[in-house]
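Some notes on the structure that comes next.
Throughout, read-outs are computed from the coordinates displayed, never taken from laboratory work. Because the structure is predicted, anything quoted here is derived from the model rather than measured.
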Amino acid sequence: MEMEMATSPAIPQSGESVDDVKNMESVPLLSRFSTVPATANYQMKRRIVTKTTSEPSPPRRQQSFSRDIGHAASETYLVTRLSFKLLGYLGVGYRWITRLLALGLYAMLLMPGFLQVGYYYFFSSQVRRSIVYGDQPRNRLDLYLPTSRDGLKPVVAFVTGGAWIIGYKAWGSLLGKQLAERDIIVACIDYRNFPQGTIGDMVEDVSQGISFICNNIVDYGGDPNRIYLMGQSAGAHIAACALLEQTIKESRRKSISWSVSQIKAYFGVSGGYNLPNLVDHFHGRGLYRSIFLSIMEGEQSLHQFSPELVVQDLSIRNAVSILPRIILLHGTSDYSIPSDASKSFVDALHRVGAPAELILYSGKTHTDLFLQDPLRGGKDELFDYLVAFIHDGDKEALAKAPPRSRRRLVPEILLVLARRVSPF
């Protein structure tokens, strides 16, 4: 399946190409700075959207049961349609068939937890689903709001993973639910996936979503000066690209719609930040080189979408100096993206004087930190670290934290089996 990608990221197929799905020229990362229209009319429209999608009090469901079902059906259709379109590009090789079967079995084993979280996602009055932040079909975000409304709350802007292919905002519902219970607002940003978009589109969408949060979160009770950017897996890579792009733009005194100074810290969970070093690794795990290069807009763009390489560019040293604190978290038994990917990025940040730290979790896999551990209930090292970090210095907020242990959502035997069959 390997092919040369020097001039175009499209994958030739019988009768169709990536351009049939989307039509976009490949633009270098450092040139993609006009992520949000800066006109007054756009800002006014965005404000109107916000006002009509949120009523601070009293809490109530914004949609009827039938509309909830209709929304779920339409979103399921979108994901299914794109999945089948993607399969047309991937083909039906042995490796992909086995991984799809493993993914199906993995989801079935964790279904008891997914059903409970899904019910919360669709029917809780504390969830504001599919708030529009841009003009593209996937430019939506979900908000998870605490029940307490006293004072402005810290905010986590979260970008989900999914191999740049199956990312979806609802994947962050478990994180959103649990952090909202600790008095933290969570905004899960959706974005175009491949083949609906390529990496440039994804970075643009996420940056626009962050802009919406920075400019509108106060209407939902959030503190615009206490926003934490977080991403997992592919989402960690996309979020890091968006953050670095905005930092460069700000350092060059270009027009901006959100400021890096509003981001108190960046949390990257199980991410990869040096794409040239990961091409062969992903190919061996089934994300074939031709597909990966198409996602990343060609081999010539790998450097430009690699945060680890970009920060070492001498021409952007001024930008690096205004980066927020960067914390990378990774499991040592992660085979989807080895923990060395995070270690290498932290080392590069240290070399250029950026504030960064690495936290390794011994024996944890790619999905343990984000799925199995939270579904297990009880003590969760990653979750407890996030809460303590975000509420650091706020004794009142920490005192409000529920003293009871988190409830188990999936029996242990199913979690053990899911870990063994996981395709990640």
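Annotations for the structure displayed:
- Mean-position separation - Cα centroids, segment 160-187 and segment 304-372, in angstrom: 20 Å
- Rounded if a/c under 1.5, otherwise prolate or oblate - segment 127-410, Cα gyration tensor axes: rounded
- For segment 154-212: rounded, prolate or oblate by the Cα gyration tensor [a/c cutoff 1.5]: oblate
- Gyration tensor (alpha-carbon) shape descriptor, segment 293-389, a/c threshold 1.5: oblate
- For segment 127-410, lysine pairs with C-alpha atoms less than 27 angstrom apart, excluding pairs fewer than eight positions apart on the same chain, total 29.
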